[in-house]
Structure formats: C-alpha cells, structure tokens
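Report on the following structure.
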Amino acid sequence: PGATDEEVLADVGQGADVHVLRNQLTFSKSVMPKQLFQPGDEITVALGEYDSAKDVQFASKLEADETLAWQKAKDSFESGSALEGTIVEAVKGGVLVDLGLRAFMPASQIGKRVEDLTTIIGTKVKVKVTELEEARKGAVVSARALLDAETSKSKQENISKVQVGMSLEGTVRKLMPFG
C-alpha cells in the first residue's frame, strides 16, 4: 500500500492489493495521487477489471464515490433531507454543485439574488434534491426550498406564540393608501 505519481496501491484484505490509477482517483488532471493519499489512509473503491497477464486487479475510487453520492442523492430526494455540496461552476441559467455527482441549481433556486454567479464559486451550500436525472446520474437541487421551509417553520412557531392582548414591537415596512 502506497502512492506514486501514477497510482495508489490499496490493500483490500486477505493480502490482496488493488491498483487505483490516477484517472480513477480524481477528476483533477494536475493533482498527483501522492498529494491526495498517504500510506494508512482509508479509501473506498469499486473493483474494476482484472488483468490476468500481469496478475493485477484494478479499482476505481471515482466509481465508488459516484455510487455512494447517487445513493445519498436518492435518499435526500425521497426524504426531503438536506445535502451539503460546493458550487464549482457558473453555467447558463445557474450553477453546478458538486455533491459527489453533478447537480444543477437554477439561479432562481440559490436563495438570494446574485448578479454575478462566478462570485459564489467555491462556496459550500446546503441544498435539497428536487429532481433526479437517472440517465445522466445527475440531479437538480435547490437551496431556496430549504430556506423557504425554514422560514415557514419559523413563521408558524412565531404565530403560535402570539395571543390576543399581547404587546409586540414591529417595524414599519411600507405605507399603503386604503379605501
């Protein structure tokens, strides 16, 4: 078990080592495996093809990550629970969010008005999965759906505390002519 510039060797038990090539560790073309992993690090992999001529078993971290991320996205979609991801790219009409899989968030679902979407690249964001795209192993997500749910819950809690005859402080937000 160890890492070179081209691969990581991982012990998967019973004295069996698998080879995880650089292009199966990360999407990044510039990061070297030994920058990502040190001997003793835990890694989740999906077994790949076996090269009988060289007696080498190959594996993929990317495939394992994708499978786990897809399952998390499905669970989030079914339960309505939040997932955390990172905004990685501004595209036409919204941003791409890395959840371990590619997720699209429309600009209208970001939750706050952002004029230049490139300014939020690298930002961590909590989102709700609103749509799954099984064929492309992708998802559509919304941060606004979570914010709306929290606001609604907070509003309900505040209304339930109000009783007839209570004195409350408020802020004038708008003057409107009536009648």
Would segment 23-45 turn up any residue that is of a type in the set (Lys, Arg), under 26 Å from residue 140 (Cβ atoms) and in contact with a strand residue (DSSP E or B) (Cβ under 8 Å, 6 or more places away or on another chain)? no
Restricting segment 67-81 to residues that are polar (S, T, N, Q) and more than 17 Å from residue 137 (Cα to Cα), which is surrounded by the most Cβ atoms within 10 Å (Cβ to Cβ)? 81
Considering only segment 10-27, state which residues are open to solvent by less than 30 Å² (accessible area, probe 1.4 Å) and modelled with pLDDT of 80 or more. 10, 18, 20
Could you please give the count of residues in segment 108-130 that are farther than 14 Å from residue 146 by Cα, in a strand (DSSP E or B) and aliphatic (A, V, I, L, M)? 0
Looking for something farther than 27 Å from residue 67 by Cα and aliphatic (A, V, I, L, M) - is there at least one such residue anywhere in segment 89-98? no
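Considering 84, 6, 49, which residue is at pLDDT 85 or above, open to solvent by 90 Å² or more (accessible area, probe 1.4 Å) and in contact with a Lys or Arg (Cβ under 6 Å, 6 or more places away or on another chain)?
84
The values are calculated or read from the model by the stated rules, or taken from the named source; none is laboratory data. Please read these numbers as outputs of a predicted model, since none were measured by experiment. Every residue, glycine among them, receives a Cβ derived from its backbone with ideal geometry; neighbour counts consider all protein chains shown. These accessible areas exclude ligands, DNA and RNA; they are computed on the full protein's heavy atoms, side chains included. Shrake-Rupley method; radii C 1.70, N 1.55, O 1.52, S 1.80 Å.
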